[in-house]
1. How large is ³J(HN,Hα), in whole Hz, for each residue of the range 33-39 in order, when computed from phi with the Karplus curve 6.51 cos²θ - 1.76 cosθ + 1.60 and θ = phi - 60°, using x for Gly and Pro?
2. Within 10 Å of each residue's Cβ, count the other Cβ atoms and sort 227, 330 from fewest upward.
3. Cβ neighbours within 10 Å, averaged per peptide: list 352-359, 63-70 in order, most packed at the top.
4. What order, most packed first, do the peptides 234-247, 275-288, 23-36 have when packing is the mean number of other Cβ atoms within 10 Å of each residue?
5. Using modelled backbone amide H atoms (1.01 Å from N, in-plane), which distant-in-sequence or interchain residues come within less than 5 Å of residue 36's amide H?
6. List the pair-distance distribution P(r) of the range 1-84, using every Cα-Cα distance, as the percent of pairs falling in each 10 Å bin from 0 up to the bin containing the longest distance, rounded to whole percents.
7. My understanding is that a pair violates if its Cα-Cα distance is over 20 Å; which of 72/250; 199/229; 288/317; 288/345; 274/345 do that in this structure?
8. In µm²/s, what is D for the range 103-206 at 4 °C and 1.567 mPa s, where D = kT/(6 pi eta Rh) by Stokes-Einstein and Rh is the Kirkwood radius from Cα pairs?
Amino acid sequence: MNDLHGILFAYHSDANLGELTRPRNTSSLPFGGRYRLIDFMLSNYVNAGISDVGLVVHQSYQSLLDHVGSGKDWELSRKHGGLRILPPFSIAQEGRGEYRGIMEALGSVYSYLQNIRQDYVIMGCGDIAVNLPVADIFRQHIENGADVTVVCSRKLSGAPRSTVYVSLSNQGRVTDMPINPPSAGDALESFEFYILSKKLLLDMVEYCSAHNLHNFSRDVLLPRLSTLKVMPYIHEGYAARFQSVGDYFKHSQDLLDPEIRADLFNPDRPIRTKDQSNPSTYYGPESKSICSLVADGCQIEGEVENSILFRGVVVEKGAKVSNSVLMQGTVVRAGASLSYVIADKDVTVNEGRMLMGHATYPLAIAKGSVV
């Protein structure tokens with residue numbers, strides 16, 4: 001993997017996630033009790049032996065920087081190469097909230113791209129939870145003699161109006177890319193992860209900068225499907241995409257399934273995260289924890305069922321938490337009852353409060369709220 005360079009886009013903040021992305025971009029969204037979404041793709045790159053990664057950011061990335069730091073927890077803290085944070089270097093954004101597309105993002109860090117040491121680049125977004133065999137994808141790319149390899153899945157999970165799809169010929173070559181269609185039809189769902197050569201990428205960035213084009217799928221690949229050899233890599237495992245509060249809740253609940261956990265947290269390709277060295281969780285003598293994932297450093301004296309609890313959560317005696325996601329530092333006081341609730345970091349639910357959402361419409365509470 002010494003000839004493959006990783007680029008991660010971590011600038012997007014999906015408004016459909018409401019309170020969950022108000023203080024952060026989507027890539028730094030906490031997930032699974034102790035992780036951030038960015039952990040999954042960073043780990044995928046590192047597990048494949050990639051030693052140089054560029055992280056493209058724009059706004060609302062303070063939380064992301066606090067989490068990834070120098071990249072030490074992913075073995076990316078190096079004197080030469082390693083993890084590089086890439087804010088917009090060369091273009092003024094005129095007050096826009098984020099880049100209009102990944103080609104504009106790449107254009108803003110063009111000087112960085114020119115100095116990449118490797119001959120090939122893998123690039124994708126940091127806001128999807130998936131465990132990819134990147135080494136196998138790169139190997140297939142070389143063996144196929146492909147110009148571009150796109151990672152996709154037969155399992156459709158994205159909202160069609162926010163998703164790119166891939167259609168194949170009988171020979172397995174990509175012949176069409178429906179972009180944000182009304183329905184998916186029989187196409188494969190694209191993760192929008194790509195492998196291509198550095199030279200081809202630089203040519204594409206130069207062309208898009210000169211013609212004011214922003215979208216990689218629509219403006220670059222789609223018009224060139226007849227001239228470029230674009231091949232798919234079909235991922236058969238689990239993947240979670242986060243396009244709404246309902247998606248976040250559903251994918252969090254998915255982790256209570258042992259088979260999904262085994263696929264996403266494959267010990268052969270471990271998912272790394274920031275080390276916090278918390279103490280073990282304390283369970284009181286009258287506490288109950290049923291079918292739940294509870295991180296380190298929690299204090300459980302009430303009842304927890306079918307829920308995900310992040311580090312440092314406190315559930316006092318007499319409190320009941322069911323079918324909920326409680327992020328780091330949340331406190332549920334005595335006698336409170338929560339059902340189908342997503343509590344962001346440092347939320348306090350006072351004594352006797354009853355909060356109830358629904359499986360299809362969970363109640364999301366903003367970071368730092370006191371209820």
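Every number here is computed from the coordinates shown, using simple stated rules; none is lab data. It should be emphasised that the depicted structure is a prediction, and the values quoted were computed from it without experimental measurement. With ideal geometry, Cβ positions are generated from the backbone for all residues, glycine too; neighbour counts draw on all protein chains shown.
1. Here the 3J(HN,Hα) series is x, 8, 10, 10, 4, 4, 4 Hz.
2. Details: 227 8, 330 28.
Final ranking by Cβ density, sparse to dense: 227, 330.
3. Details: 352-359: 14.1, 63-70: 17.4.
The most tightly packed comes first, giving 63-70, 352-359.
4. Numbers: 234-247: 18.4, 275-288: 12.0, 23-36: 23.9.
My ranking of the peptides, most packed first, is 23-36, 234-247, 275-288.
5. Amide H to amide H, under 5 Å and 5 or more residues apart or across chains, residue 36 pairs with 31.
6. With a bin width of 10 Å, the distribution comes to 18, 51, 26, 6, 0.
7. Working: 72/250 31 Å; 199/229 15 Å; 288/317 10 Å; 288/345 23 Å; 274/345 16 Å.
Beyond 20 Å: 72/250; 288/345.
8. Details: Rh = 15.1 Å.
Approximately 86 µm²/s, per Stokes-Einstein.
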